[in-house]
Structures are given as structure tokens and as C-alpha cells.
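The values are calculated or read from the model by the stated rules, or taken from the named source; none is laboratory data. Remember, predicted model here, so these are calculated numbers, not experimental data. Because the Cβ atoms are built from the backbone with ideal geometry, glycine has one as well, and the counts that use them run over all protein chains shown.
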Amino acid sequence: MLKIKNLHASVEDKTILRGINLEVKPGEVHALMGPNGSGKSTLAAVIAGNEDYEVVEGEIEFNAENIDELSAEERAHKGIFMSFQYPVEIPGVTVTNFMKTAINETRKAQGLEEMPANKMLKLIREKSELLDIDRKFLSRSLNEGFSGGEKKRNEIFQMAMLEPQLAILDETDSGLDIDALRIVANGVNKLKSKDNAVVIITHYQRLLDYIVPDFVHVIFDGRIVKSGPKELAHQLEEKGYDWIKEEVNA
Amino acid sequence: MKLKEKLISSFMAFENQVDIDSFVHDIRSEAIKSFEEKGFPSKKEESWKYTSLNKVLKHNYSVFPKQVNALEYREVKRYFIHDIDTYKIVFIDGKYSSHLSDTTHDGMDICLMSAALSKPKYRIIIENYFNKITTDDSLASLNTAFSHEGAYIHIPKNKLVEKPIQIIHFSTGSESAVMLQPRNLIIVDENSHVQIIERHQSLTENAVLTNSVTEIYANKRGIIDYYKVQNDNQDASLIDNTYINQKQESHVSVHTFTFGGKLIRNNLNFFQNGERIDSTLKGITIIGDKQHVDHNTLVHHRTPNCESHQDYKGIFGDNATGVFNGKVLVDREAQKTNAYQSNNNLLLNDKATINTKPQLEIFADDVKCSHGCTIGQLDENAMFYLRTRGIPEKEAKALLMYAFANNVLESVKINELKQRINKLIANKLGVNIGFDL
């Protein structure tokens, strides 16, 4: 589904990614771990199509198509979703209106009719229940005044609404208490299928207790320096990242 | 001949044409003298520093359109709020159109200025209210000199006017360029409530210059909600001079929605004369091309315990220019005034301009006055966020712009009008998305 080959990317002439190789197949869960500043969030932003970053070398393929030239919205229309570490507050746009616009614009791009209002409301109800979201919350301005947990839950709610093939969850666990973490993880697990895939970006093991990865990758200094099964995450939790750094430097 | 000379020399002909014996003759004569002395305002005047009328004054305007085209309702229906029942006072090229109008004298007067100025039964009202609150301004004087036609609305006390009133001025291009000077007088007596929608619409590519004066009186506990829809075409310019006198406990709000027109100047003046008055001035301006919009507001707090709220949002693209000049004057007697002013602007590129100038003159010592203005661009992070959710760039921009402006719409009390403004905004931003949820 996703094939990243020798990806180099920079922002304002500063190189951040220095040759990432990663393949994600349908049905898989990948965890990307690594210390601060290693390039995890940059990788997510580049896959999602953030134009602030420049791809200087390598390529990203999604379903065997090179997506380097596609805009963020075109990538979304093809089924790529990114959950933001810091979801943006947008006063004046309600969660419901935002979702309705996102879904109908995506359908339009896919050559489909707009979703009828009653179907939309039903879908919103279903998916908000999945994430234990209060209905009052849906008529509030997007992310405005939301707590950290509410913002993250709202991200996963959007994912549930949009049903992407590939979901990249950027530090979705940060700022969540244990109950919110369970709700979010439970939502992601329910949305998992053999046809979609999830890439989880995280510092810590704890989200991976709830969403169990098939592969764990360690990013350091813009490269994937180690990959392994889920046990690798436990190892990192126990020993930190220093031993990886030493391995790399050796 | 320059427009000023043309207007002055046309004045005698105008006076001969209309009711020369009327009480207003003296007022008109004074007014033309005042205009003759002052002439059109120039950029040398402080309040016209950022707005030049030169471009709009250069046309050879016909001062009284002679030939008037008829219009069928179906041709112009889209300019009306037509989903609900309303009173209508409609003018075509400055002349009343009985065909398109729906007026009344049943327990209140929703009718014509020409009738009010000439019929004896209105004499006392005219003597008490006509031209009493216009300021010493050359454009207002010019309008007064040529005052003849417009809307006359008098709501006697204890009356809730259930249907909104639409005042619409059409110009049809029967002359190559036309100058219109509508004059409206609106009096709302004790405890009465009225909603008014005003619109100027040109149906031609010929130049149109409208110099309008509206005097509004809200007597004790009167409530007036006034909406100005300014979405005219690129060859039409408007100078709107509105004066509002409020008595105690009255509430008046004026919303100005400006999306179209070549040059628009709104001189909006509130005078508070009584306690516990509430004055609201709100506006959304969205312009592009070489459009120019100037909001020049005054709230004069003369009495204690009153409030005023100003909230203007502006979005400027292409080579458009905006001006906001908001003056709040608090007299020494006006203790416990609560005055709020806010002007927020988005500039969509490097060529668009906004000049914003809050002016607070406060002579009382126990008041709460706040003001703030911002000028910014669309938030890049917010754009990326929306686009990752599949909302294309243009729609994402439109959604953010709408979000930026929409709290001004929340206080619009006529639902159909709110829907219409939503549609006008979507059209102006070139998108087909429903903002209203």
C-alpha cells in the first residue's frame, strides 16, 4: 500500500529525513519510535503532503502510484489520513460542518454524489458513539477550547468518519490520560481491517499496549536504524534510546 | 462641465420640477449653498484621507434620469428576500415603482418620501424630523438639496411590525451614467419594533453613483434592526450617509454586508440621547479586484449608562482597498458608558490594502471603552489541517474566511436574510459549500 524509497526531505534548507525506506501492507500496524527531533513527525507531514517540506530525493508510492506531486487534499481523497499531534483550533467552523464539508468534498473528488443529510447525521451519530463523544461537542467550533484528550478523540472521530486506507497517528497518545487513551485505542482497533493500515508515531510504549503493532521501527537522525517485532518496543521502553544510538555510532 | 457645477446649475430646474412651495424649500436652498461652498470632499480632509472620489466623479452623470425603464418582478426577484412576506418600497432610477412595491398606511406609514414632503398631513412630522440630525457634511448637504424621493417609514407607538421592510433602489442604465440621491426618513415611536433591509442594485454596466441619506429616529424603547446589503456590480458606487438618533432604552443595530460595488463609503453615525441605550454596528466586507470600501463610523455617547458594540470584519483580495475609521466620542456627562470596538482584517495577498484607524475621544472618567484591530493572513497550519481532511485549497480558504467573519452573522435576526448572506458569501468566494449548520 505505502512504499517509501530512500526518502530525503528538508525544511528551509535543513535536511531532516536522510533516506527513509518503509513498506506498509494492508492489514498491518507499524509503530515508528524514536527520540525527539529524529524526524518522526516530519515523515508523517511529508506523507500527508505538507508543502513546507521539500522532498529532495527518493519517492513515496501509495497503491503503486507516485504521490510526490499530489496536494494534501488529493492524498486525502486517495485514502491517506494523518492525525495531528497538535490539532488546529478553527473558531467559527463546527465539528459537524467541518466533517460534512470534508466528506462531501472527498466524495466529489471521487465522482460520488453528496451524502444525503440524514445519512450523514446517522454516520456522525454512529461514529461519535464509537469514540464516546457527546453530541453537544459536535456543534462546538472545531478544536476550540477542547482539552488535549478531546482534541485527540476528535482526530480519531474524523478518521472514523473518513475511513482512510492508511492512517498515520502522530503522537496521538501524548497528553492523554489512561481513560482517554483506552477510548482512542479502542476506536482505532475497531476501525482496523485487513484492507487498511495504521502507522503509529510515538515516544512511548504505552499506546502500543492497546494497539499492538506488527512491526516496530526506530528512527534516528532521519533514518530507520532498526526494525523488529513488537518486543522491540518493550526493549526501548526499558532501556531508552541510548543503546540504539551507540549501535548506530558503532 | 464638472459634476459640481452641473449639480449646482441643475438645482433651479430641480426646484421647479418638484414642490417648490413646500416647507423644505428653505432647507434645500441652504443645503445647496453649503454644498457650493464645500464641494466634494478631497483627500486633504482627515476623514477622506484614504478614499478618493476622483474616479467616481469623473463621469458625466445625468442628475435626473428622464426615461425610466419598467421592470418585471421576475427579472429582479433574486434581489429581493422573497421566501417570506415583506413590505417593499422599490425605486427604479430614482422613481417609485408601485408595481414592485408593497406599502401600507394601515396603522403605520410605510410609503414614500415624496408624499411625506408634499402632503400637509405629514407637515408636523417633517418639521420635527426632516434634516434634523444630518451633520454639516457636503455630501449630506448635496443630498438634502436634491431630497425628494426615498422611503418614508413612520411606526407609531406600541407596534411590532411583523413583516420586514425592504427598501430597494434599482438602476437600469436608461442614461449613460446616472447619479441618484435617495432620501429616507424612518421614525419608530415608543415601544415599537421594525426590521429593515436596504439594497442598491444596478442592472447595467453604465456608471451609477448613489449618494444616499437616511435619517433614523428610535424613540423611547424603540427597536430597529437595519440591514444593508451592498452587493452591487463593478460599475456602481455608493456613498451611504446614515444618521441615527436614539432616545432612552432604545436598541438600534445596523449590519452592513459589503461584497460588491466599485467604491463604497459608509458614513454611519449614531447619536445617543437618553439613558440605557444600546447601539450595535456590525459589518462583513469581502472584496477583491480594485474594489474600495470605506467604513466611517461615529458613535456619540452623550448620556450616561449606555452601550455601543462595533464589530467589523474585512477580507481583502487582489488589489482591493479597505478603510475602517471608527470614532467613539464619550461626552463628559456620559458616565458609565460601555463602548466596544473591534476591527479584524484578513489580507489575502501583498497587493490588498487595509487602513484601519480607531479613534476614541473620552471626556468622562468612569467608562469602559475598549478597541482592538488586527490585520492578518490565513493561518497556514489551519489550511494544511483542512486539506489533509480532503477539503481542497479553495474551499479550505473559503471555510476559514467564513469562519473568520461569521460571528457577525449570528446577530442577524431574519433567518432568510442570514441564508441569503451565506449564499452571497459562498458566491463571492467562488465555492459551492453550505456554511450554515
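Values as computed for the structure displayed
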| read-out | value |
| --- | --- |
| Tally, over region B:39-97, of residues that are over 20 Å from B:Asp240 (Cα atoms) and polar (S, T, N, Q) | 5 |
| Lone qualifier among B:Asn319, B:Asn305 - being without any contact (Cβ under 8 Å) to a residue 60 or more places away in the chain, more than 18 Å from B:Ile264 (Cα to Cα) and not in a strand (DSSP E or B) | B:Asn305 |
| Hits in region B:380-417 (condition: surrounded by fewer than 16 Cβ atoms within 10 Å (Cβ to Cβ) and in contact with a helix residue (DSSP H, G or I) (Cβ under 8 Å, 6 or more places away or on another chain)) | B:Glu393 |
| Long-range neighbours under 6 Å by Cβ, at least six apart or interchain, first residue over 24 Å from B:Tyr402 (Cα atoms) and free of Cβ contacts under 8 Å to residues at least 60 places away in the same chain within region A:129-152, second part of a helix (DSSP H, G or I) and not basic (Lys, Arg) | A:Leu131/A:Ile156; A:Leu131/A:Phe157; A:Leu131/A:Gly187; A:Asp132/A:Ile183; A:Ile133/A:Phe157; A:Gly149/A:Ala180 |
| Within region B:218-235, tally of residues that are over 16 Å from B:Ile167 (Cβ atoms) and surrounded by 23 or more Cβ atoms within 10 Å (Cβ to Cβ) | 2 |
| Region A:131-142: number of residues that are surrounded by fewer than 16 Cβ atoms within 10 Å (Cβ to Cβ), within 22 Å of the chain's Cα centre (by Cα) and part of a helix (DSSP H, G or I) | 0 |
| Selection count where residues are free of Cβ contacts under 8 Å to residues at least 40 places away in the same chain, assigned to a loop (DSSP other than H, G, I, E, B) and in contact with a strand residue (DSSP E or B) (Cβ under 8 Å, 6 or more places away or on another chain), scope region A:205-229 | 1 |
| Complete set of residues in region A:67-83 that are modelled with pLDDT of 95 or more and either β-branched (Val, Ile, Thr) or in a loop (DSSP other than H, G, I, E, B) (or both) | A:Ile67, A:Leu70, A:Ser71, A:Gly79, A:Ile80 |
| From the options A:Asp173, A:Asp177, A:Asp242, residue that is of a type in the set (Asp, Glu) and surrounded by 15 or more Cβ atoms within 10 Å (Cβ to Cβ) | A:Asp173 |
| Residue that is out of contact with any Cys (no Cβ under 6 Å at 6 or more places or on another chain) and at pLDDT 95 or above, where the choices are B:Phe11, B:Phe40, B:Phe23 | B:Phe40 |
| Every residue from region B:38-93 that is closer than 21 Å to B:Ala151 by Cα, part of a loop (DSSP other than H, G, I, E, B) and under 20 Å from the mean Cα position of the chain (by Cα) | B:Phe80, B:Ile81, B:Thr86, B:Asp93 |
| Identity of the residue in region A:84-135, among the small types (Gly, Ala, Ser) and at positive phi, that ends up modelled with the highest pLDDT | A:Gly111 |
| Residue satisfying all of: in region A:85-119; assigned to a loop (DSSP other than H, G, I, E, B) and aliphatic (A, V, I, L, M); nearest to the other protein chains (Cβ to nearest Cβ) among these | A:Val88 |
| Failed item in (1) more than 11 Å from chain B (Cβ to nearest Cβ); (2) at pLDDT 95 or above, with A:Gly37 passing the rest | (2) |
| Identity of the residue in region B:135-167, surrounded by fewer than 22 Cβ atoms within 10 Å (Cβ to Cβ), in contact with a Phe, Trp or Tyr (Cβ under 8 Å, 6 or more places away or on another chain) and polar (S, T, N, Q), that ends up modelled with the lowest pLDDT | B:Thr135 |
| Matching option when the condition is within 19 Å of B:Ser138 (Cα to Cα) and assigned by TED's automatic domain parsing to the domain that holds B:Ser141, among B:Phe40, B:Phe91 | B:Phe40 |
| Single match in B:Asp232, B:Asp240 (criterion: more than 22 Å from B:Lys157 (Cα to Cα) and touching an Asp or Glu at 6+ places or on another chain (Cβ under 9 Å)) | B:Asp240 |
| Region B:425-437 - residue that is surrounded by fewer than 18 Cβ atoms within 10 Å (Cβ to Cβ) and away from chain A (no Cβ under 13 Å) and, of those, modelled with the highest pLDDT | B:Asn427 |
| Total residues in region B:372-384, condition closer than 24 Å to B:Ile354 by Cα, assigned to a helix (DSSP H, G or I) and hydrophobic (A, V, I, L, M, F, W, C) | 2 |
| Identity of the residue in region A:40-66, within 13 Å of another protein chain (Cβ to nearest Cβ), part of a loop (DSSP other than H, G, I, E, B) and of a type outside the set (D, E, K, R), that ends up surrounded by the most Cβ atoms within 10 Å (Cβ to Cβ) | A:Gly49 |
| Every residue from region B:385-406 that is facing chain A (nearest Cβ under 7 Å) and either touching a residue at least 40 places away in the same chain (Cβ under 8 Å) or not in a helix (DSSP H, G or I) (or both) | B:Arg389, B:Gly390, B:Ile391, B:Pro392, B:Phe404 |
| Hey, B:Ser34 in a helix (DSSP H, G or I), at pLDDT 90 or above and surrounded by 13 or more Cβ atoms within 10 Å (Cβ to Cβ) or not | yes |
| Restricting region B:346-371 to residues that are outside any strand (DSSP E or B) and under 28 Å from B:His292 (Cβ atoms), the residue that is nearest to the chain's Cα centre (by Cα) | B:Ala352 |
